[in-house]
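All of the numbers you see were taken from the coordinates with simple rules; none came from a lab. Everything numeric in this text was worked out from a predicted model, so none of it was measured. As a convention, Cβ positions derive from the backbone with ideal geometry for all residues, glycine included, and neighbour counts pool all protein chains shown.
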Amino acid sequence: MEVLFLGTGAGVPGKIRNVTSIALKMLNERGAVWLIDCGEATQHQILHTTIKPRRIEKIFITHLHGDHIFGLPGLLGSRSFQGGTEPLTVYGPTGIRAFIETALHVSKTHLQYPLFIEEIEEGIVFEDGGMTVTAGKLDHGIYSLGYRFAEKEKAGELLVDRLREDKIPPGPIYKQIKEGHSVTLPDGRIIDPERYTNEPQQGKIVTILGDTRQSDEAVRLAKNADLLVHEATFNAENERMAHDYYHSTTTQAAETALRARVKKLCLTHISSRYTIEDARQLLNEAEALFQPVVIAQDLMEVNVD
């Protein structure tokens, strides 16, 4: 699982940062890519990556400010023009359906794939055998969500050498053992699956927050996450401005990471007032409270390990 930052800026596109969009790449896990937010020119950013729009399976919108959604109609249309036929689901707050349907209707854009739009609130918004996605309400000027992407526990590795040593023949029985089922062999032996598998593997947890002030809900969504992606629109000196505009500072993001006991923090949604040279100061402010910290840059990829 990898997190690829397609845009890391706040408010408007800048020379060094496009507006917000993040790709959660799960090609090995489920052969798919999920997007979180889709700011203006997201599809243009995708052209500089290996992502194929037809692989985008789900899009999770945090809130309806333009810098998080203005790229959505174009991406949906291009996915169809480029031969995408697999279904796609968009999740987001109330209003996302009207925005998408109006844009597609007015522009006479006809999609060649099934598009599903789910207007959501807090709670579990998606779950299958491999992943649970939980949304939580943050503290912003409009309704804004954070998302917790939690992989489910994976079965332990099958100890094939031990199975062979005990003269257990290969075949469908190996799959049953790996899945944790007791099996009775033709010779009457009862196979305990725990003897032939390693410990189950804990699933990865990635928390990606929309725009927000500090909040207890942000901490809850990020609890024990392998990676927390948190906005840091302002530096520590501008705490009052961050509060007035319903955003966070570098130090506030670090405090959330510390409280949630995450393994790694990545700061994004950086104001265009800060240059590449300022990134060292932003990093230092966060690292004074929490480590490790990464300042996201456009097209940066972070492995979740």
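Looking only at the stretch 22-78, filter to residues that are among the acidic types (Asp, Glu) and closer than 23 Å to residue 126 by Cβ; which one of those is surrounded by the fewest Cβ atoms within 10 Å (Cβ to Cβ)?
As a first pass, look at the stretch 22-78 and keep what is among the acidic types (Asp, Glu): 29, 37, 40, 57, 67.
From what is left, the residues that are closer than 23 Å to residue 126 by Cβ are 29, 37, 57.
Working: 29: 14, 37: 27, 57: 16.
Top of the filtered list is 29.
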Residue 139, sole failed condition from (1) among the acidic types (Asp, Glu); (2) outside any helix (DSSP H, G or I); (3) more than 25 Å from the chain's Cα centre (by Cα): (3)
Checklist (1) in a loop (DSSP other than H, G, I, E, B); (2) surrounded by 17 or more Cβ atoms within 10 Å (Cβ to Cβ); (3) in contact with a Gly (Cβ under 6 Å, 6 or more places away or on another chain) applied to residue 109, failing item: (2)
Selected residue [in a strand (DSSP E or B) and surrounded by 15 or more Cβ atoms within 10 Å (Cβ to Cβ)] from 208, 173, 168: 208
Number of the condition not met by residue 148 [criteria: (1) touching a strand residue (DSSP E or B) at 6+ places or on another chain (Cβ under 6 Å); (2) free of Cβ contacts under 8 Å to residues at least 24 places away in the same chain]: (2)
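Assess whether residue 93 counts as being over 19 Å from the mean Cα position of the chain (by Cα) and not hydroxyl-bearing (Ser, Thr, Tyr).
Details: over 19 Å from the mean Cα position of the chain (by Cα): no; not hydroxyl-bearing (Ser, Thr, Tyr): yes.
Against the criterion (over 19 Å from the mean Cα position of the chain (by Cα) and not hydroxyl-bearing (Ser, Thr, Tyr)), residue 93 does not qualify.
Every residue, every condition in (1) within 23 Å of residue 60 (Cα to Cα); (2) touching a helix residue (DSSP H, G or I) at 6+ places or on another chain (Cβ under 8 Å), yes or no:
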position	(1), (2)
204	yes, no
219	yes, yes
223	yes, yes
240	no, no
246	yes, no
251	no, yes
257	yes, yes
264	yes, no
Contacts under 9 angstrom Cβ, first residue in the stretch 82-98 being buried (at least 19 other Cβ atoms within 10 Å of the Cβ), partner polar (S, T, N, Q), 6 or more apart: 84/78; 84/112; 92/62; 93/62; 93/144
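Name the single residue, out of those in the stretch 211-237 being charged (D, E, K, R) and more than 12 Å from the chain's Cα centre (by Cα), that is surrounded by the most Cβ atoms within 10 Å (Cβ to Cβ). Working first, answer last.
In the first step, residues of the stretch 211-237 are kept if they are charged (D, E, K, R); the result is 211, 213, 216-217, 220, 223, 226, 231, 237.
From what's left, more than 12 Å from the chain's Cα centre (by Cα): 211, 213, 216-217, 220, 223, 231, 237.
Details: 211: 28, 213: 20, 216: 11, 217: 16, 220: 15, 223: 14, 231: 30, 237: 13.
Step by step, filter the stretch 211-237, then rank; the result is 231.
Here's the yes/no breakdown for (1) aliphatic (A, V, I, L, M); (2) in contact with a Gly (Cβ under 7 Å, 6 or more places away or on another chain); (3) touching a residue at least 40 places away in the same chain (Cβ under 8 Å):
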| site | (1), (2), (3) |
| --- | --- |
| 10 | yes, no, yes |
| 19 | yes, yes, yes |
| 24 | yes, no, yes |
| 31 | no, no, no |
| 37 | no, no, yes |
| 42 | no, yes, no |
| 52 | no, no, no |
Considering residues of the stretch 43-102 that are β-branched (Val, Ile, Thr) and in a helix (DSSP H, G or I) only, the residue nearest to residue 212 (Cα to Cα): 69
